[in-house]
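Single-structure report; data block below.
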Amino acid sequence: MRRLYDQAFEILQQEVKQCAQKDLVGDVGAKIVLKRLEKMRLQSGEPLTLDELKDLVSDQFPNFSEPVLKKAAKVNRPPGVFSKIVLGMAVLGGFAGLVALANLPYPMIRFPVAKTFPILLLPSYINMDYNYRQAVSLVEQSDQLINQATAITDIELGVEKVKQSQKHLDQLPVWFLGYYPQAYCSFMGCMWRFTFDEYESARKNIGRMESKIFQQKNAYQEYTKAEQSIQEAQQKFQKLPPGNEQQQTIKVWQTAIDQLEKIPPETLAGKLAQKQLATAQRDFQQQLGFVAGSIKGNTLIDAAMQFASQAAKASQNPPHTAQEWQQVIKLWEEAIRRLEQVPTENPSYSEAQKKLAEYTTNLGISQTRLQTEKDAVELVKQAKSAIAQWQKLARSKDPDIGALMSQLTDIINTLEQVPAGTTVSQESQNLLRSAQHTWDKLSLN
């Protein structure tokens, strides 16, 4: 042990300097006292007591402060346990600061440290290992929750797991890709090598789960919307009297049921929808019955009327070619086909039969007009061919007038058979007048 410790020396030194400014002894006395105190700092033995401290300063400074002497005597002892702890904490703090500096997320710091003192990066390695393990584990948990979901709460929990996994993955130092701490991983069994492919694979897994979650949430929204529409339509239908508003409600109801069928079956909402679909369809059929059948019948009749309207419009302003009449016939046939789909037990069956009779008649008329058109075209074609032969015979050197008149009579008879109201009617009339005029000229000869 030393006789005078640093802390006590500092206290006495300050008071000596102050006394030197006031006392006549001045600086000379201060130097003497300080020399004594320095000597005591170097000597080993029991710490100086209050009286011993007085003896060192009183001959030079009789008015030396008593409280200062007491304070110096009090602190003149070896450092205690607390002081050692403080010193130790200061050393540890310095080391911790050095480690923190080495682990700053800057490549210019990390790479040199990794090559020379990799042990200083132990906190980073632990953090990297922890975050990677957590990211992989949370993605797997989310995968189980999403793919085997039994309730919407499973999906919501899966969403939280994916968010947590993304946070852990964001903590990984991307700029450290390709570096593998062999010393650390040889003891801890790292799951990662921090290659670009592995990092991208982790990113893709999270992206895949986010895509699944998006699909699951969208499907569940569609399911909830369809389910709510079914309930509202069912309740509203029971309160409405027969009429247009009730039919509109039924259409909404049917649309909602159709929406249930469209939900992807691999989703939670799809599985719930499949369970509810049979019940929803059964309730729809049971509660609608007559009205549902009437709507279906009316729908078929409306469709038939649309085709019939187009057929009637296409047949206006004749004459029409055979091709145009064939198109009209197809429209009538399609209208009739729709009406024939209305079953006997349907409430709209009677109205469908009335329309069916009307459309069948119109179909027959159109078919007749088609045949008339075809016949007229064929007659004109025959007449033209006969006219060409007659002209050839008439140009001979010694034509037979009797034969010419006979052939001309046949041509006239053929042209007279061409019915009016066809596309070749006007042409046949022109040919007929020309043939009759020629026959009149020959008969005068």
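The values are calculated or read from the model by the stated rules, or taken from the named source; none is laboratory data. What you see is a predicted model, and the numbers here were worked out from it, not measured in a lab. A quick note on method: Cβ atoms are made from the backbone with ideal geometry, for glycine too, and the neighbour counts reach across all protein chains shown. All accessible areas refer to the heavy atoms of the entire protein, side chains included, with ligands and DNA or RNA removed. Shrake-Rupley method; radii C 1.70, N 1.55, O 1.52, S 1.80 Å.
For region 56-69, does any single residue satisfy the condition of being free of Cβ contacts under 8 Å to residues at least 40 places away in the same chain, of a type in the set (A, V, I, L, M) and either out of contact with any Leu (no Cβ under 6 Å at 6 or more places or on another chain) or surrounded by fewer than 15 Cβ atoms within 10 Å (Cβ to Cβ) (or both)? So far as region 56-69 goes, yes, one or more of its residues are free of Cβ contacts under 8 Å to residues at least 40 places away in the same chain, of a type in the set (A, V, I, L, M) and either out of contact with any Leu (no Cβ under 6 Å at 6 or more places or on another chain) or surrounded by fewer than 15 Cβ atoms within 10 Å (Cβ to Cβ) (or both).
Conditions tested, residue by residue: (1) modelled with pLDDT under 75; (2) of a type outside the set (Phe, Trp, Tyr); (3) open to solvent by 50 Å² or more (accessible area, probe 1.4 Å); (4) under 23 Å from Asp143 (Cα atoms).
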{"site": "Asp197", "(1), (2), (3), (4)": "yes, yes, yes, yes"}
{"site": "Glu210", "(1), (2), (3), (4)": "yes, yes, yes, yes"}
{"site": "Tyr223", "(1), (2), (3), (4)": "no, no, no, yes"}
{"site": "Ala233", "(1), (2), (3), (4)": "no, yes, no, no"}
{"site": "Gln248", "(1), (2), (3), (4)": "no, yes, yes, no"}
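For region 28-48, the candidate set comprises residues that are part of a loop (DSSP other than H, G, I, E, B) and open to solvent by less than 70 Å² (accessible area, probe 1.4 Å); within that set, the residue that is farthest from Asp6 (Cα to Cα) is Gly45. Candidates are the residues of region 301-320 that are outside any helix (DSSP H, G or I) and crowded, with 16+ Cβ neighbours inside 10 Å; the one that is farthest from the chain's Cα centre (by Cα) is Pro319. Inclusion of Gln281 among residues that are touching a Phe, Trp or Tyr at 6+ places or on another chain (Cβ under 8 Å), open to solvent by 40 Å² or more (accessible area, probe 1.4 Å) and either at pLDDT below 90 or under 30 Å from Tyr220 (Cα atoms) (or both) is not warranted. Check whether at least one residue in region 161-173 is touching a Ser or Thr at 6+ places or on another chain (Cβ under 9 Å), within 30 Å of Glu222 (Cβ to Cβ) and modelled with pLDDT under 70, and report yes or no. No, region 161-173 has no match at all.
Counting the residues of region 230-279 that are in a loop (DSSP other than H, G, I, E, B), under 32 Å from the mean Cα position of the chain (by Cα) and without any contact (Cβ under 8 Å) to a residue 24 or more places away in the chain gives 2. If only residues of region 144-158 that are out of contact with any Lys or Arg (no Cβ under 8 Å at 6 or more places or on another chain) and more than 14 Å from Tyr220 (Cα to Cα) are counted, the one that is modelled with the highest pLDDT is Leu157. Residue pairs whose Cβ atoms lie under 6 Å apart, separated by 6 or more positions or on different chains, with the first residue in region 328-347 and under 11 Å from Ala304 (Cα atoms) and in contact (Cβ under 8 Å) with a residue 24 or more places away in the chain and the second open to solvent by 40 Å² or more (accessible area, probe 1.4 Å) and among the hydrophobic types (A, V, I, L, M, F, W, C), are Leu331/Phe307; Glu334/Phe307; Ala335/Phe307.
Being of a type outside the set (A, V, I, L, M, F, W, C), at pLDDT 55 or above and surrounded by 12 or more Cβ atoms within 10 Å (Cβ to Cβ) holds for only one residue in Asn131, Asn103, and it is Asn131.
Could you check, for region 49-66, whether at least one of its residues is in contact with a Phe, Trp or Tyr (Cβ under 7 Å, 6 or more places away or on another chain), of a type in the set (A, V, I, L, M) and in a helix (DSSP H, G or I)? Scanning region 49-66 turns up at least one residue that is in contact with a Phe, Trp or Tyr (Cβ under 7 Å, 6 or more places away or on another chain), of a type in the set (A, V, I, L, M) and in a helix (DSSP H, G or I).
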